[in-house]
């Protein structure tokens, strides 16, 4: 069986007043079914652009070259009309800030239903049942009632659960999560991570998890891609990266994770 | 909800009373004696006193003010004995100039102003929003630049200039339109339409330019929202993405502004009505100010204030229907 997602030599170029700038340079990775890839890097390292290029959602003017294959099918250079059929259906994405990523003018039910209806058709009644089931699946209490709530009526963690329900309503093979826990507080972060890991395991989909925080993916990633300034500096299994990082930058990222047994720096008080 | 509405209604009444009071104070203290004006050139002090009596101007300020207020709700009497005239509620008094009932004048002229306002509003909403939408979607193209350049230029042209230019070209030179006439729709729909066409265009032009720029800015802001990226990530069609996810957030603020603009226009389009000789509330206002016809000035001021204040309440209610994040809470 072929790998689910193969990215080869992916380069993303932005036109600027001073000529084209590569924000992602020659990035390559593969993601198997049933696998979780963690993409780690600081802001501006190109990790979000990499994922947007996979989804075909790059901002206007940006150009992607190289190869992105989903289940053996090349995605780069395909017209948007065809990519649209894949997005939300076979590959989905969730984002950092669930409040601004949901449309404040519509109920979460409608926003989940419209994905289902865009790809599967069917009546509004069916779609509503699917939406309720999707909310149930992500552990939102009282989904029959909450399906008619607006995004502002949920807490941050609940909103991210709604986003996940929306992304998974068509049972995609690939889910890209772009910093899904960054805007949440720590206990909620852990719940969302646990939820994503559980859902991934149950469905057998591939998960790309983007974060700037190595600690976050240590628990769920099978492989890790470390990016810096648009380039990949390390790509290995999670055990390797955490046990014996080969690159200084990875080591630096690892050292930046605060540990309970770290000696306190002089002069630093809580 | 009922409590909220009652509170807002009370607010409306208080504001209208204050507007009444201020307008009354201004004319009581600042304007020349209307009795002198009515009396004309050959006038005796006795005659002036008689007129002042008939108009109730010899009463103290507060008595006059309350008589005016009571007149609106219960009607009032002017003069005494054989000269007694009863003015039924809602009584806004009689024009110093024509002796016509001011309420009757308002009732007669309001439909004209409403016709001007509604026609212009339809025109400027269609043209302004459409132009703004296309500009936003085609941001940075020649169309966008041309449309926005025109909108900027257009909103800088005073509407009396546009009115006179249109009239000169279309009526005098090309003779494609008749000079606007006071024709009811039922009598001759074609002449009615031809008569109102220029006022509509003139009044709508400035608003259309403004609304095009507003729409463009709002749509561009909305297109940059994260939820638009989500909509694309969901694989929705561009049409659905635009229609459902972009338009409602982008146009909701415009609905608010429109409510205010339209309400203000119901109080009369002073310049447009005057230039085209339309007998609306706006022209009535202009005429009454020119002739210091106090009862009429009071009436048009109150009417304009009424529409603006009520329009405000309506806009707030509509906003709660359009934006689910806004909810009514009684204070």
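Scan segment B:322-331 and tell me whether some residue there is within 14 Å of another protein chain (Cβ to nearest Cβ), in a helix (DSSP H, G or I) and farther than 30 Å from residue B:31 by Cβ. Yes, segment B:322-331 contains at least one residue that is within 14 Å of another protein chain (Cβ to nearest Cβ), in a helix (DSSP H, G or I) and farther than 30 Å from residue B:31 by Cβ.
The residues of segment B:84-101 that are in contact (Cβ under 8 Å) with a residue 24 or more places away in the chain and either assigned to a loop (DSSP other than H, G, I, E, B) or in the same structural domain as residue B:262 (by TED's automatic domain parsing) (or both), listed by number, are B:92, B:93, B:95, B:96, B:97.
Here residue A:99 meets each of (1) surrounded by fewer than 21 Cβ atoms within 10 Å (Cβ to Cβ); (2) facing chain B (nearest Cβ under 9 Å); (3) under 17 Å from residue A:175 (Cα atoms) with one exception, condition (3).
Right, residue A:83: surrounded by fewer than 21 Cβ atoms within 10 Å (Cβ to Cβ), within 22 Å of residue A:182 (Cα to Cα) and within 13 Å of chain B (Cβ to nearest Cβ) or not? Here the answer is no, as residue A:83 does not meet what is asked. Restricting segment A:54-74 to residues that are under 18 Å from the mean Cα position of the chain (by Cα) and within 13 Å of another protein chain (Cβ to nearest Cβ) leaves a set whose member that is nearest to residue A:233 (Cα to Cα) is A:54. Among the residues of segment A:148-176, just one is more than 27 Å from residue A:206 (Cα to Cα) and more than 14 Å from chain B (Cβ to nearest Cβ), namely A:155. For segment B:206-215, the criterion of being within 9 Å of chain A (Cβ to nearest Cβ) and either in contact (Cβ under 8 Å) with a residue 12 or more places away in the chain or in contact with a strand residue (DSSP E or B) (Cβ under 9 Å, 6 or more places away or on another chain) (or both) is met by no residue. Inside segment A:70-80, residues that are part of a strand (DSSP E or B) and surrounded by fewer than 18 Cβ atoms within 10 Å (Cβ to Cβ) make up a count of 2.
Per the listing A:135, A:110, the residue uniquely touching a helix residue (DSSP H, G or I) at 6+ places or on another chain (Cβ under 7 Å), free of Cβ contacts under 8 Å to residues at least 40 places away in the same chain, over 18 Å from residue A:182 (Cβ atoms) and not in a loop (DSSP other than H, G, I, E, B) is A:135. If the condition is being surrounded by 20 or more Cβ atoms within 10 Å (Cβ to Cβ) and within 7 Å of another protein chain (Cβ to nearest Cβ), then segment B:247-266 contributes only B:249.
Residues are listed down the side, and each one gets a yes or a no for (1) within 14 Å of chain A (Cβ to nearest Cβ); (2) more than 15 Å from the chain's Cα centre (by Cα); (3) not in a helix (DSSP H, G or I):
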site	(1), (2), (3)
B:268	no, no, yes
B:283	no, no, no
B:308	no, no, no
B:313	no, yes, no
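I'd like to check something: does segment A:180-191 contain any residue that is surrounded by fewer than 22 Cβ atoms within 10 Å (Cβ to Cβ), out of contact with any helix residue (DSSP H, G or I) (no Cβ under 8 Å at 6 or more places or on another chain), modelled with pLDDT under 95 and within 27 Å of residue A:30 (Cα to Cα)? Yes, segment A:180-191 contains at least one residue that is surrounded by fewer than 22 Cβ atoms within 10 Å (Cβ to Cβ), out of contact with any helix residue (DSSP H, G or I) (no Cβ under 8 Å at 6 or more places or on another chain), modelled with pLDDT under 95 and within 27 Å of residue A:30 (Cα to Cα).
The set of residues in segment B:219-235 that are free of Cβ contacts under 8 Å to residues at least 40 places away in the same chain and either out of contact with any strand residue (DSSP E or B) (no Cβ under 6 Å at 6 or more places or on another chain) or farther than 30 Å from residue A:170 by Cα (or both) comprises B:221, B:222, B:224, B:225, B:226, B:227, B:228, B:229, B:230, B:231, B:232, B:234. Within segment B:225-246, being at the interface with another protein chain (Cβ under 10 Å from one of its Cβ atoms) and within 30 Å of residue B:206 (Cβ to Cβ) holds for B:225, B:246. Being surrounded by 18 or more Cβ atoms within 10 Å (Cβ to Cβ) and either within 14 Å of another protein chain (Cβ to nearest Cβ) or out of contact with any strand residue (DSSP E or B) (no Cβ under 9 Å at 6 or more places or on another chain) (or both) narrows it down to one residue among A:109, A:122; which is it? Answer to the selection: A:109. Selection of helices (runs of 4 or more DSSP H) fully inside segment B:1-74 by the criterion of at least 1 residues being in contact with a helix residue (DSSP H, G or I) (Cβ under 6 Å, 6 or more places away or on another chain) and exposed (fewer than 12 other Cβ atoms within 10 Å of the Cβ) returns B:61-74.
The values are calculated or read from the model by the stated rules, or taken from the named source; none is laboratory data. As the structure is a prediction and not an experimental result, all values here were calculated from the model. Here the Cβ is made from the backbone with ideal geometry for all residues, glycine too, and neighbour counts use every protein chain on show.
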